[in-house]
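Accompanying notes for the structure given below.
The values are calculated or read from the model by the stated rules, or taken from the named source; none is laboratory data. It should be emphasised that the depicted structure is a prediction, and the values quoted were computed from it without experimental measurement. Positions of Cβ are generated from backbone atoms using ideal geometry, with glycine treated the same way; all protein chains shown enter the neighbour counts. Surface areas here come from the heavy atoms of the whole protein model, side chains and all, with no ligands, DNA or RNA. Shrake-Rupley method; radii C 1.70, N 1.55, O 1.52, S 1.80 Å.
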Amino acid sequence: MVDSTSGGNDQFASERARFFESSDDLLFILDSSGHCCAFNSAWTRVVGLESAELLGLPLVERMHPDDAREAQRTLDEVTATSGVTRLVARFRYANGEHHNLAWTLSEDGGVIFGAAREVVPDEAEKVRSALTKELERSNEELQQFAYIASHDLQEPLRMISSYTELLQKRYQGELDADADVFIGFVVDGAKRMQRLLEDLLKYSRVDSHRGSMKLVDSGDVVRFALANLTIAIRDSDAEINLGDLPLVLADESQLMQLFQNLIGNALKFHNPGAVPHVYVGAVHQDHQWLFSVEDDGIGIGGEYSDAVFDVFRRLHTVRAYAGTGIGLAVCKRIVERHGGTIWVEPNEAGGSSFRFTLPIPS
């Protein structure tokens, strides 16, 4: 046992450093942004890289292009949750060849600690399969929890909301000014919590409450979404322009939710005092349909282009822009359920372009 004196601490630190250097596994330390801070000597023995060739650079830069996006998503997840995550991703060695590595990552105090080891293709596939099954099980449990939590909490929250609104109507002005303010906070908080639970319920239902896939006119779907947004369009004097919109194989109700969320965001995040302009269209590209919802609003910083699709991720305060931070996560889930991908790009003239793909019906 190491004692608590400084000598004991020095001995512990020395043993830890000795283990770090002597391990046959590829050990490393990253900062919170995924840039390399430290490596053990196994990187030179196995990968053929000196630490100077890695220090200060993003680890994902040497990942195979097909694996880099998933690796970055995993790093972001580790940073956000402070958990332990595993993945298999190919890494470019000094000779230019990509090798399968099994990675284990954990976060502590804003620092990411990791270990990697080389695996043969068959072993890599087994690890990937095990991780996929674990992820599917975790997602199923999360969906069940989200549905139960949001559904079962709705009723007591309705009661809280109803009675606080009744208190506000009946006793407004009869108590002192502080009491009116406090009751207002409770009413507002109950309403926001109700919206949050409703959005969480929508998110959990994307997979569990699936409609049938059928051939639908995406132009008609967009027009239905615009009808639902009539008040927001009228209040902002928005100009909506529609381009060519094709027939697609889709769950009609979910596709409408997708367009409604994206167009609704374009209306919400417009420049103050300016008339929002929104364009919705699609083009045929690489054996799929590429849809665009473009606006001239306040835009999204490039550093947030992936994070905006995370659940509960908000870039602004509730006071500045209402919402729960779930809408774009729902969009991503709907698009992926349809076999496509979604991302956001900045417009050269300002604003954002949300783009997503859908397979072309065969």
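Values computed for the structure shown
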| read-out | value |
| --- | --- |
| Count of residues meeting criterion [at pLDDT 70 or above and either open to solvent by less than 20 Å² (accessible area, probe 1.4 Å) or assigned to a loop (DSSP other than H, G, I, E, B) (or both)] in segment 194-216 | 2 |
| Residues of segment 217-227 that turn out to be at pLDDT below 90 and open to solvent by less than 80 Å² (accessible area, probe 1.4 Å), as a count | 2 |
| In segment 68-82, the residues that are open to solvent by 20 Å² or more (accessible area, probe 1.4 Å) and free of Cβ contacts under 8 Å to residues at least 40 places away in the same chain | Ala68, Arg69, Glu70, Glu77, Thr81, Ser82 |
| Single unsatisfied condition, Gly302 versus (1) modelled with pLDDT under 80; (2) over 17 Å from the mean Cα position of the chain (by Cα) | (2) |
| Scan of segment 41-66 for residues that are open to solvent by 10 Å² or more (accessible area, probe 1.4 Å) and out of contact with any strand residue (DSSP E or B) (no Cβ under 7 Å at 6 or more places or on another chain), ordered by number | Ser41, Thr44, Arg45, Gly48, Glu50, Ala52, Glu53, Val60, Glu61, Pro65, Asp66 |
| Test result for Asp235, open to solvent by 40 Å² or more (accessible area, probe 1.4 Å), closer than 23 Å to Asn265 by Cβ and at pLDDT 75 or above | yes |
| Meets criteria (hydrophobic (A, V, I, L, M, F, W, C) and touching a residue at least 24 places away in the same chain (Cβ under 8 Å)) for Ala116 | yes |
| Matching option when the condition is of a type outside the set (Lys, Arg), out of contact with any strand residue (DSSP E or B) (no Cβ under 7 Å at 6 or more places or on another chain), crowded, with 20+ Cβ neighbours inside 10 Å and modelled with pLDDT of 75 or more, among Asn271, Asn261 | Asn261 |
| Close pairs (8 angstrom Cβ cut-off, 6 or more residues apart or separate chains): over 12 Å from Ile263 (Cβ atoms) in segment 222-237, among the hydrophobic types (A, V, I, L, M, F, W, C) and crowded, with 19+ Cβ neighbours inside 10 Å anywhere | none |
